[in-house]
Amino acid sequence: RKPTPVLMESFESPVAPLAAGLPREAGIWSGDFTSVTGFDQGVEPANGTKMLRVLRADYEGKSNSSDSYCGDVFRLIDLRPFHAQLAEGNAVLEVSLAFNASEFPESEQYFGLLAMHAITAELAAQPASLSGEVLTNGSLAMARQSCPRIDRDVFTWQRIEGSLHLPAETDFLLIHLGVSHIPKFQRRVTFAGHYID
C-alpha cells in the first residue's frame, strides 16, 4: 500500500514548542525548555534549515526539577481522520528522527529516545494521564527506541527509526522525543548543545 503521511516535521517553523510539560491539545509540541534554531555551535540541521535544540530537563512550573536528567518534548497527533485506514487493524506507523550534539567533555554521556503510544480519545482528554504507569498501562500499543549514545562529532547525526502496529481502536498517537544524560554518571538540568531533527 502507498504510505500515508501523518506528520512531516523538521522543526522548520520558528515557533518553539511550549515549555509546559505534556501537551494539553493535539497538533503542538510541548515539553521541557527547547528552542528552534538553524546552524548552531558547529551543527548543521539534518533536514532543511531548522532543528530543535534541547535546553533543559525541566519546564515552566515543574516541581523537583533538580533531579531531572532528560530533556523531553511531546506531540499528540489526532488519528481519527485516518479511522478508515486503521479499521482493518493492519496499519503500521513508521517514525524516523536524528540526534546530534556540539562537542562536550568525554566524561559526559548522552542518548536519544523515541517513544510512541497509541491511545484512545478518552485517555487523550486527560493530560495528567499521559505520563507514568497510567499511560503505560492505558496505551493500546507502545514502542520505544533509543540510540546507544550520541557521539561528540558535530558532523554526524545518530538516527533512530521506530515502528508501531496501530490497533483499529487508536484515536491519538503520543510521540515522545528526548535527550538524556546517562544518570549513572551525572544528573544535570541544562544541556550545552543537543539537537533533534
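The values are calculated or read from the model by the stated rules, or taken from the named source; none is laboratory data. Since the structure is predicted, the reported quantities are computational estimates derived from the model, not experimental observations. FYI the Cβ positions are ideal-geometry reconstructions off the backbone, even for glycines, and counts take in every protein chain you see. The area values use the complete protein model at the heavy-atom level, side chains included, leaving out ligands, DNA and RNA. Shrake-Rupley method; radii C 1.70, N 1.55, O 1.52, S 1.80 Å.
Please pick out the residue among I160, I150 that is among the hydrophobic types (A, V, I, L, M, F, W, C), part of a loop (DSSP other than H, G, I, E, B) and closer than 30 Å to G42 by Cβ.
The unique qualifying residue is I150.
Looking at segment 46-78, which of its residues are open to solvent by less than 20 Å² (accessible area, probe 1.4 Å), over 21 Å from A125 (Cα atoms) and at pLDDT 95 or above?
Residues satisfying the conditions are M51, L52, V54.
Does R24 satisfy the criteria of being surrounded by fewer than 21 Cβ atoms within 10 Å (Cβ to Cβ) and touching a Leu at 6+ places or on another chain (Cβ under 8 Å)? Walk me through how you get there before you give the answer.
On the way: surrounded by fewer than 21 Cβ atoms within 10 Å (Cβ to Cβ): yes; touching a Leu at 6+ places or on another chain (Cβ under 8 Å): no.
No, not satisfied.
Would you confirm, using the coordinates I've provided, whether G71 is at positive phi and touching a residue at least 24 places away in the same chain (Cβ under 8 Å)?
So G71 fails the test.
What strands (runs of 3 or more DSSP E) lie completely within segment 6-69 and have 1 or more residues being under 15 Å from T190 (Cβ atoms) and touching a Ser or Thr at 6+ places or on another chain (Cβ under 6 Å)?
On the way: elements: 29-31, 34-37, 51-56.
It comes to 51-56.
Can you tell me which condition M116 does not meet? The list is (1) at pLDDT below 95; (2) in contact with a His (Cβ under 8 Å, 6 or more places away or on another chain), and all the others hold.
Result: M116 passes all but (1).
Would you mention how many residues in segment 125-154 are over 17 Å from F74 (Cα atoms) and in contact (Cβ under 8 Å) with a residue 60 or more places away in the chain?
1
I'd like the full set of residues that are over 30 Å from E103 (Cα atoms) and over 16 Å from the mean Cα position of the chain (by Cα), limited to segment 1-46.
Matches in segment 1-46: R1, K2, P3, T4, P5.
Looking at this structure, is F82 assigned to a helix (DSSP H, G or I) and under 27 Å from D171 (Cα atoms)?
When the stated conditions are applied, F82 passes them.
Within segment 126-146, can one find any residue that is in contact with a Lys or Arg (Cβ under 7 Å, 6 or more places away or on another chain), in a strand (DSSP E or B), farther than 19 Å from G21 by Cα and open to solvent by 70 Å² or more (accessible area, probe 1.4 Å)?
no
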